[in-house]
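Chemist: Encoded as structure tokens, here's the structure I'll be asking about.
The values are calculated or read from the model by the stated rules, or taken from the named source; none is laboratory data. Please read these numbers as outputs of a predicted model, since none were measured by experiment. Here the Cβ is made from the backbone with ideal geometry for all residues, glycine too, and neighbour counts use every protein chain on show. Surface accessibility is based on the protein's heavy atoms, side chains included, excluding ligands, DNA and RNA. Shrake-Rupley method; radii C 1.70, N 1.55, O 1.52, S 1.80 Å.
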Amino acid sequence: MIASYLGYLFYGNLLILTLTFMYLFHIRKLIGFQLGMNISTMAGGFTAIVTGVILIYQFPLKFVIVTIVTTLIGMIVGGLFGSLFDYQTLLTGYGNGLMMGIMSPMIGAAAKNNYVFLTFLEGIFIVSLFLLVLSSKRT
Amino acid sequence: MSMTMYLLCLFFLTSLIGFLIYKVFYKKRLLYNDRFGMIMAMSCSGIISLNSSMLSQFIISDHLFFLMILTVVLGGVVGIVFGSLVKYQSLLAGFLHGIVGSLTGNMIGIVVEDPSICSLPASYFSMIDQNILIFSAFGTLLVMITISIVYYSLRV
């Protein structure tokens, strides 16, 4: 019943992420590389974790493909957020998204379709994006 | 038997790639600043220790915890070796990411070999060999992509 809404959750996460990316794209000249490194690490890592857990809840029979897709998504998101600033922030976001994306389907499979856990992860994701926008506004 | 040969070949390929990139960085260690050195140590030691510990879990499937201790120490040593090219802060970053990478690699190796740990469905017990093939190829591909990106970033 709840499982049919997981796709919308994934789509909503992608939408929030795109809005944050567009906001950061406008003010990317104001952000130094130190904050840029932390931004790319946080965005890539948390996106990979939430995406991996959602995908393994939705497709519990396809562990291998879900792991590969999640790793690619984490790499791409970390690389995109890092490429706003510098080549070295791109490398940081890429590496962190890769590591988190490999780990996250195992966490989701061990959680056994627990929706409290998914709500907690979603809360962490939204709070981290909020903190990210706040910290980029304050500099 | 051919499975073990394949995994051993991938392990030696990973070690060879790590050794070659270390030689390249050792030759150019005076050219780059400490920030680039830190990021280089993070990415290289993380991905190399991840793939090598995953492959060694696949190769030797007994002695689980002994192998885990050995690969975590190996990942820390790889991180220290890559980080000691530049400065102490890059040594710390390389050490941390080497240990995190080898712990992740151990975790994924153990889960693929014994799917009941993560309560994966029973159909995985008939696909363990295929999963090992896919995961080892994917890990080695990730090593190649990461090392080539790091190598390309020397010129940017």
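Chemist: Looking at A:33, A:120, A:130, which one is at pLDDT below 90 and open to solvent by 20 Å² or more (accessible area, probe 1.4 Å)? Steps first, answer last, please.
Modeler: Values: A:120 fails: at pLDDT below 90; A:130 fails: at pLDDT below 90.
Being at pLDDT below 90 and open to solvent by 20 Å² or more (accessible area, probe 1.4 Å) holds for just one of A:33, A:120, A:130, which is A:33.
Chemist: Hey, another quick one. Assigned to a helix (DSSP H, G or I), under 12 Å from the mean Cα position of the chain (by Cα) and not acidic (Asp, Glu) - does that describe any residue in the range B:36-43?
Modeler: Looking through the range B:36-43, at least one residue is assigned to a helix (DSSP H, G or I), under 12 Å from the mean Cα position of the chain (by Cα) and not acidic (Asp, Glu).
Chemist: Regarding residue B:150, is this residue within 11 Å of chain A (Cβ to nearest Cβ), within 16 Å of residue B:21 (Cα to Cα), hydrophobic (A, V, I, L, M, F, W, C) and open to solvent by less than 30 Å² (accessible area, probe 1.4 Å)? Spell out how you get there, then give the answer.
Modeler: Working: within 11 Å of chain A (Cβ to nearest Cβ): yes; within 16 Å of residue B:21 (Cα to Cα): yes; hydrophobic (A, V, I, L, M, F, W, C): yes; open to solvent by less than 30 Å² (accessible area, probe 1.4 Å): yes.
Here the answer is yes, as residue B:150 does meet what is asked.
Chemist: Output the residues belonging to the range B:1-32 that are among the polar types (S, T, N, Q) and without any contact (Cβ under 8 Å) to a residue 40 or more places away in the chain. If you could, list the steps in order and put the result at the bottom.
Modeler: Taking the range B:1-32 as the starting set, the residues that turn out to be among the polar types (S, T, N, Q) are B:2, B:4, B:14-15.
Answer for the range B:1-32, where residues must be among the polar types (S, T, N, Q) and without any contact (Cβ under 8 Å) to a residue 40 or more places away in the chain: B:2, B:15.
Chemist: Does residue B:72 satisfy the criteria of being on the phi < 0 side of the Ramachandran plot and either at pLDDT below 90 or open to solvent by less than 40 Å² (accessible area, probe 1.4 Å) (or both)? Before you say what the answer is, go through the steps one by one.
Modeler: Values: on the phi < 0 side of the Ramachandran plot: yes; either at pLDDT below 90 or open to solvent by less than 40 Å² (accessible area, probe 1.4 Å) (or both): yes.
Yes; evaluated as a whole, the condition is true for this residue.
Chemist: Next question, about the same structure. Just name the residue that is farthest from the other protein chains (Cβ to nearest Cβ) out of those in the range A:78-103 that are over 21 Å from residue B:144 (Cβ atoms) and buried (at least 24 other Cβ atoms within 10 Å of the Cβ).
Modeler: In this case the residue turns out to be A:81.
Chemist: Considering only residues of the range B:113-124 that are surrounded by 15 or more Cβ atoms within 10 Å (Cβ to Cβ) and without any contact (Cβ under 8 Å) to a residue 12 or more places away in the chain, which is nearest to the other protein chains (Cβ to nearest Cβ)? Walk me through it before giving the result.
Modeler: So the first thing to find is which residues in the range B:113-124 are surrounded by 15 or more Cβ atoms within 10 Å (Cβ to Cβ), and the list is B:113-115, B:118, B:120, B:124.
Of the ones still in play, those that are also without any contact (Cβ under 8 Å) to a residue 12 or more places away in the chain are B:114, B:118, B:120, B:124.
Numbers: B:114: 12, B:118: 4, B:120: 6, B:124: 7 Å.
Only one residue fits best here, namely B:118.
Chemist: How many residues are open to solvent by less than 30 Å² (accessible area, probe 1.4 Å) and under 21 Å from residue B:82 (Cβ atoms) when one looks only at the range B:130-147? Reasoning before the result, please.
Modeler: Within the range B:130-147, the first condition is being open to solvent by less than 30 Å² (accessible area, probe 1.4 Å), and the residues that meet it are B:131-132, B:135-136, B:138-140, B:142-143, B:146-147.
Adding the requirement that they be under 21 Å from residue B:82 (Cβ atoms) leaves B:139-140, B:142-143, B:146-147.
Final tally of qualifying residues: 6.
Chemist: Residue B:46 passes all but one of (1) open to solvent by 10 Å² or more (accessible area, probe 1.4 Å); (2) among the small types (Gly, Ala, Ser); (3) in a helix (DSSP H, G or I); which number fails?
Modeler: Status for residue B:46: all satisfied but (1).
Chemist: Then there is this: Any idea which of B:107, B:127 is in contact with a helix residue (DSSP H, G or I) (Cβ under 9 Å, 6 or more places away or on another chain), free of Cβ contacts under 8 Å to residues at least 40 places away in the same chain, crowded, with 19+ Cβ neighbours inside 10 Å and not aromatic (Phe, Trp, Tyr)?
Modeler: Answer to the selection: B:107.
Chemist: Please go through the range B:136-145 and give me each residue that is facing chain A (nearest Cβ under 7 Å) and touching a residue at least 60 places away in the same chain (Cβ under 8 Å), ordered by number. Give the derivation first.
Modeler: Filtering the range B:136-145 down to residues facing chain A (nearest Cβ under 7 Å) leaves B:138, B:142.
Once the filter is applied, which keeps residues that are facing chain A (nearest Cβ under 7 Å) and touching a residue at least 60 places away in the same chain (Cβ under 8 Å), the range B:136-145 yields only B:142.
Chemist: Then there is this: Name the one entry in B:39, B:21, B:99, B:60 that is out of contact with any His (no Cβ under 9 Å at 6 or more places or on another chain), more than 10 Å from chain A (Cβ to nearest Cβ) and within 16 Å of residue B:146 (Cβ to Cβ). Spell out the reasoning first.
Modeler: Working: B:39 fails: more than 10 Å from chain A (Cβ to nearest Cβ); B:99 fails: within 16 Å of residue B:146 (Cβ to Cβ); B:60 fails: within 16 Å of residue B:146 (Cβ to Cβ).
Going through B:39, B:21, B:99, B:60 in turn, the sole match is B:21.
Chemist: Okay, moving on. Quick check on this structure: which one of B:146, B:140, B:104 is among the polar types (S, T, N, Q), assigned to a helix (DSSP H, G or I) and touching a Cys at 6+ places or on another chain (Cβ under 9 Å)? Quick ask: steps written out before the conclusion?
Modeler: Details: B:140 fails: touching a Cys at 6+ places or on another chain (Cβ under 9 Å); B:104 fails: touching a Cys at 6+ places or on another chain (Cβ under 9 Å).
Only one candidate passes the filter, namely B:146.
Chemist: Filtering the range B:70-101 down to residues that are among the hydrophobic types (A, V, I, L, M, F, W, C) and not in a helix (DSSP H, G or I), which residue is nearest to residue B:22 (Cα to Cα)? Walk me through it before giving the result.
Modeler: Keep residues of the range B:70-101 that are among the hydrophobic types (A, V, I, L, M, F, W, C), which gives B:70, B:72-74, B:77-78, B:80-82, B:85-86, B:91-93, B:95-96, B:99-100.
Still in the list and also not in a helix (DSSP H, G or I): B:85-86.
Details: B:85: 9, B:86: 12 Å.
Only one residue fits best here, namely B:85.
Chemist: If you don't mind, there's one more thing I want to ask. Just to be sure, is residue A:48 free of Cβ contacts under 8 Å to residues at least 60 places away in the same chain, within 12 Å of residue A:77 (Cβ to Cβ) and crowded, with 17+ Cβ neighbours inside 10 Å?
Modeler: Details: free of Cβ contacts under 8 Å to residues at least 60 places away in the same chain: yes; within 12 Å of residue A:77 (Cβ to Cβ): yes; crowded, with 17+ Cβ neighbours inside 10 Å: yes.
Answer is yes for this residue.
For (1) of a type in the set (Phe, Trp, Tyr); (2) out of contact with any Gly (no Cβ under 6 Å at 6 or more places or on another chain), each residue gets a yes or a no:
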site	(1), (2)
B:49	no, no
B:52	no, yes
B:60	no, yes
B:65	yes, yes
B:76	no, no
B:90	no, no
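Chemist: Could you tell me whether any residue of the range A:52-64 is out of contact with any His (no Cβ under 8 Å at 6 or more places or on another chain), open to solvent by 20 Å² or more (accessible area, probe 1.4 Å), among the charged types (D, E, K, R) and farther than 28 Å from residue B:108 by Cα? Talk me through it step by step, then tell me what you get.
Modeler: Our first condition is that a residue be out of contact with any His (no Cβ under 8 Å at 6 or more places or on another chain); within the range A:52-64, this holds for A:52-64.
Checking which are open to solvent by 20 Å² or more (accessible area, probe 1.4 Å) leaves us with A:55, A:58-62.
Filter once more, keeping what is among the charged types (D, E, K, R): A:62.
Still in the running and farther than 28 Å from residue B:108 by Cα: none.
The answer is no; no qualifying residue exists.
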